[in-house]
Protein chains: 2
Amino acid sequence: MLPSMTHSDLPVIEPTHHAALRARLQHRLDRKTKPVGALGRLESLAVQIGLVQGREDPVLDAPQLVVFAGDHGLAAQGVSAYPSDVTWQMVENFLAGGAAVSVLARQHGLALTVVDAGVRHEFAPRPALQVRKVAAGTADASQGPAMSADQCRAAIDAGREVVRSLPGNVILLGEMGIGNTSSAALLLSRLAALPLAQCVGRGTGLDDEGLAHKCKVLASALQANAGAKTPLEVLAALGGFEIAMMVGATLQAARERRLVIVDGFITGAAILVAQALQPAVTDYCVFAHRSSELAHSRMLDVLKVEPLMDLSMRLGEGSGAAVAWPLVASSVRLLAEMASFESAGVSDRA
Amino acid sequence: MLPSMTHSDLPVIEPTHHAALRARLQHRLDRKTKPVGALGRLESLAVQIGLVQGREDPVLDAPQLVVFAGDHGLAAQGVSAYPSDVTWQMVENFLAGGAAVSVLARQHGLALTVVDAGVRHEFAPRPALQVRKVAAGTADASQGPAMSADQCRAAIDAGREVVRSLPGNVILLGEMGIGNTSSAALLLSRLAALPLAQCVGRGTGLDDEGLAHKCKVLASALQANAGAKTPLEVLAALGGFEIAMMVGATLQAARERRLVIVDGFITGAAILVAQALQPAVTDYCVFAHRSSELAHSRMLDVLKVEPLMDLSMRLGEGSGAAVAWPLVASSVRLLAEMASFESAGVSDRA
């Protein structure tokens, strides 16, 4: 039995486009003491953020790095180089401050929240931990839907609730879940109608044999969920709790005109679902980096977006989003703080 | 009469390579709680910095952003979209805090020093300004050497002295000088034996006509300095005071095992000269970004280096170096602060 879902009560996301405001933002940038366009991507970022906030003088306030963690039933089929226990162990590591994303969040003054979206482990309460567990891991998608329709909806709602609970106007998305590059590959394949082979990669580091096995398992998962067609059906059938929560978080953030900084392949899969539901949602998203997970480039093409950086990272956790944060902050500061030709008494071009 | 120079008293730069230390750094990274290699360029950066400092636990101390400014006699030939006065006006803007590099330095806590390497203007003294003026602008390179051998040597020495005067173990290089993309193009063409057409770009924003004119002027400059062959002769004939000072600064920084963060096309030209003098110097350099000045990609190929970012920036001032700074800082923090599989109790791959 396939999950049957509608999305009548999901937030409606309006495009940010506003020709007059865009022109005013660009004019402000063009009067800054630099050749027109010389700040490249930092200029288009500043314009985007101005449009997201609907103002000529955008400000970034209390950025929140949120790492959604969940376990995947599919992991039992040996699709990852790491055992499932690593999901909860890494949650502990995030909270203890020893993970890459913990270090980067400290460096940049990003508030870090870890969300238990559905980890197979009971965590002791901690201030930076939100327990929103839908279940102790999804079902094995190679045998049928990973989640029921109710579970999927609950996860989306929980993601929205997480954003509502947090201050500020920027959400940086991260995730943890052994097996979740499989889930992202399945979502990409089904939603973009791409052959599975173009969507599967080595994840945390499979060898050739492991990769071949992963492909076989994922092919069964597609077959076992052949009937899942709508974005929400596909999300429930092939996604994960952490991915569904990121879909909800993204829609809620966009609804509130918060900026969303998207990490890599798995967060990208959540955006793919969100975009299928609400096409304007990517107006609110900054894509931090091109992951070295091979299919990520294809995913970015499908989303029709260009990431900010390419550092050959493939860690997840929101690490790429965190690394990109200072660039995002720079774009807004340059718009706010640079002098104009007039104010600085600098001669413009002849 | 061509300048005749030797470089017997320039610092000798030793390669940083040290197989055992490299292996120890890589091993430390490989035990961190992440798949092997998952931090991509941030890992190779951390290894590079460890090698530069000769230690397993590198630290970045008191990073200094130094903007060298100088005027170019060649500017009188109309090779730039902006008048020469913009050089000194932008120096004032750097010092007043209104330029892009001022904003970025503030954001990242980088100490900003502006060096008058040879600007056609008398500046009032300021704490952040070092006046090391060799002359009020170079001579017109389309008529003969831009500098005498003595001037070139004085500029190199002054660049070394600037680094000696500054604390810390990181130098971020920036520059300002109307006409200096011309100088950089000439240096690239002569030092790499490339046709001029492959080295010339639009600089701060020439139109097609301006670009054609620039090419013609630069061709005369190459002809007028046909006899300049050795790196120092070429630097004197076709360089600028700010470029020569950056050559000295880079050699001195490498000699002291400081890390050098290189900005774009013009700072890159200084590294090209420094590399011709001391091939190991690039071991100490991080190339911040790929500029959208077209010939920069060619220059990076000649230098055999990969930049960290590509944000379509083309501003100079050290703006690209400043934008890259947090990535450099991240690499060292990740090496220092991430937990290992053992210390965090995380299961390693099967």
Legend entry - Any pair with Cβ under 6 angstrom, 6 or more apart, that starts in the range B:10-23 at a residue that is closer than 12 Å to B:Arg257 by Cα and ends at one that is modelled with pLDDT under 95 and among the acidic types (Asp, Glu): none
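Residue-wise test of (1) within 16 Å of the chain's Cα centre (by Cα); (2) surrounded by fewer than 24 Cβ atoms within 10 Å (Cβ to Cβ); (3) free of Cβ contacts under 8 Å to residues at least 60 places away in the same chain.
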{"site": "A:Thr113", "(1), (2), (3)": "yes, yes, yes"}
{"site": "A:Val119", "(1), (2), (3)": "no, no, yes"}
{"site": "A:Gly137", "(1), (2), (3)": "no, no, no"}
{"site": "A:Ser148", "(1), (2), (3)": "no, yes, no"}
{"site": "A:Leu173", "(1), (2), (3)": "yes, no, no"}
{"site": "A:Asn180", "(1), (2), (3)": "yes, no, no"}
Inset, instruction - Just give me the residues in the range A:68-96 being aromatic (Phe, Trp, Tyr), in contact with a Phe, Trp or Tyr (Cβ under 9 Å, 6 or more places away or on another chain) and not in a helix (DSSP H, G or I), in sequence order. - result: A:Phe68
Inset, instruction - Out of the residues in the range A:25-42 that are of a type in the set (A, V, I, L, M) and part of a helix (DSSP H, G or I), state the one that is nearest to the other protein chains (Cβ to nearest Cβ). - result: A:Leu42
Inset, instruction - Tell me which residues, restricted to the range B:271-305, are in contact with a strand residue (DSSP E or B) (Cβ under 7 Å, 6 or more places away or on another chain) and touching a residue at least 24 places away in the same chain (Cβ under 8 Å). - result: B:Ile271, B:Tyr284, B:Cys285, B:Val286, B:Phe287, B:Ala288, B:His289, B:Leu300
Legend entry - Test result for B:Leu45, over 25 Å from B:Val115 (Cβ atoms), in a helix (DSSP H, G or I), within 14 Å of chain A (Cβ to nearest Cβ) and under 20 Å from the mean Cα position of the chain (by Cα): yes
Inset, instruction - Give A:Leu315, A:Leu303 a once-over and let me know the one that is within 14 Å of the chain's Cα centre (by Cα) and at the interface with chain B (Cβ under 7 Å from one of its Cβ atoms). - result: A:Leu315
Legend entry - Condition broken by A:Ala184, with the remaining ones in (1) under 17 Å from the mean Cα position of the chain (by Cα); (2) free of Cβ contacts under 8 Å to residues at least 24 places away in the same chain satisfied: (2)
Legend entry - Conditions (1) over 20 Å from B:Gln53 (Cα atoms); (2) more than 7 Å from chain A (Cβ to nearest Cβ); (3) in contact with a Lys or Arg (Cβ under 8 Å, 6 or more places away or on another chain): number failed by B:Ala339: (2)
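Just checking: which of the helices (runs of 4 or more DSSP H) contained wholly in the range A:143-231 hold 3 or more residues that are touching a strand residue (DSSP E or B) at 6+ places or on another chain (Cβ under 7 Å)? Spell out the reasoning first.
Details: elements: A:149-165, A:180-191, A:208-224.
The qualifying helices (runs of 4 or more DSSP H) are A:149-165.
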Inset, instruction - List every residue pair whose Cβ atoms sit under 8 Å apart, with the two residues 6 or more apart in sequence or on different chains, where the first one lies in the range B:214-228 and is more than 23 Å from B:Arg202 (Cβ to Cβ) and the second, anywhere, is buried (at least 16 other Cβ atoms within 10 Å of the Cβ) and acidic (Asp, Glu). - result: B:Gly227/B:Glu233
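The values are calculated or read from the model by the stated rules, or taken from the named source; none is laboratory data. Bear in mind that the values here come from a model prediction, so they are computed numbers and not experimental data. Glycine also receives a Cβ, built like all others from the backbone with ideal geometry; neighbour counts cover every protein chain displayed.
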